[in-house]
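**Student:** Here's a structure for you.
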Amino acid sequence: MFRFQYTIVTKAARKLAWEVFSDHRCWNSFANIYGEIRWREGRPWQAGSRLEIEVVHPFRGVIEHVLTSCTPGHRVGWIDHAMGAAMAQWVHFEEHISGGTRVHTWGDLVHSGLVIAGKSAEQLITSFIETWYENYRAYCDHLAGALRQAHGLEASPENS
């Protein structure tokens, strides 16, 4: 079993961080690996619902994403199945002292020595998690900055 974890802090408030996270239409902006993503069963972001995720890079396949628990804006957990491997993952959203949000993810991968495109499943997961969450953070930070500026909470160049 392989355990991973990763944490980012975004300038976005928890509500905005969750809205971005829960909109799967944004996910290709964070990691350009996806084909079609669709809710196959149940209501989105409720325990027991199933999200079917087509992956087109670095391999072609479908990941079955089954939500095990979800408190929108606070935490979500799921189990993934693909290519003979299973992965449990959790994501927590916590208010940060900076006014933004701390997003912490961790999980366990169970597999049978899976190698994909010349890399171990552990290497792929580690690289994917870092890329996805850093790009997610940057996107949230951009939106948070734009909202602050639109509401006059941040000095803009023309107001300086």
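The values are calculated or read from the model by the stated rules, or taken from the named source; none is laboratory data. Note that the structure is a prediction, hence the values are computed from the model and not measured. Here the Cβ is made from the backbone with ideal geometry for all residues, glycine too, and neighbour counts use every protein chain on show.
**Student:** Picking from 56, 76, 62, 110, which residue would you name as being more than 20 Å from residue 24 (Cβ to Cβ) and β-branched (Val, Ile, Thr)? If you could, list the steps in order and put the result at the bottom.
**Tutor:** On the way: 56 fails: more than 20 Å from residue 24 (Cβ to Cβ); 76 fails: more than 20 Å from residue 24 (Cβ to Cβ); 62 fails: more than 20 Å from residue 24 (Cβ to Cβ).
Just one listed residue meets the conditions, 110.
**Student:** Then there's this: So, in segment 10-34, exactly how many residues are among the charged types (D, E, K, R), under 13 Å from residue 143 (Cα atoms) and outside any helix (DSSP H, G or I)?
**Tutor:** 1
**Student:** Restricting attention to segment 75-126, and to residues there that are within 22 Å of residue 51 (Cα to Cα) and polar (S, T, N, Q), which single residue is nearest to the chain's Cα centre (by Cα)?
**Tutor:** Checking each candidate, the answer is 105.
**Student:** Just wondering, is there one or more residues in segment 36-57 that are small (Gly, Ala, Ser) and touching a residue at least 60 places away in the same chain (Cβ under 8 Å)?
**Tutor:** Of the residues in segment 36-57, the ones small (Gly, Ala, Ser) are 42, 47-49.
If we keep only those that are touching a residue at least 60 places away in the same chain (Cβ under 8 Å) as well, we get none.
Checked segment 36-57: no residue is small (Gly, Ala, Ser) and touching a residue at least 60 places away in the same chain (Cβ under 8 Å).
**Student:** For segment 128-157, name all the residues that are at pLDDT below 90, in a helix (DSSP H, G or I) and charged (D, E, K, R).
**Tutor:** Once the filter is applied, which keeps residues that are at pLDDT below 90, in a helix (DSSP H, G or I) and charged (D, E, K, R), segment 128-157 yields only 148.
**Student:** From 97, 125, which residue is within 20 Å of residue 4 (Cα to Cα) and outside any strand (DSSP E or B)?
**Tutor:** None of the other options fit; the residue is 125.
**Student:** From 3, 43, grab the single residue that is modelled with pLDDT under 95, among the basic types (Lys, Arg) and either part of a strand (DSSP E or B) or surrounded by fewer than 13 Cβ atoms within 10 Å (Cβ to Cβ) (or both).
**Tutor:** Unique residue meeting the criteria: 3.
**Student:** Among the residues of segment 78-90, is there at least one that is part of a helix (DSSP H, G or I), in contact with a Leu (Cβ under 6 Å, 6 or more places away or on another chain) and aliphatic (A, V, I, L, M)?
**Tutor:** The answer is no; no qualifying residue exists.
**Student:** Now, a different point. Based on what the data block shows, is residue 52 surrounded by fewer than 17 Cβ atoms within 10 Å (Cβ to Cβ) and under 14 Å from the mean Cα position of the chain (by Cα)?
**Tutor:** No: the conditions fail for residue 52.
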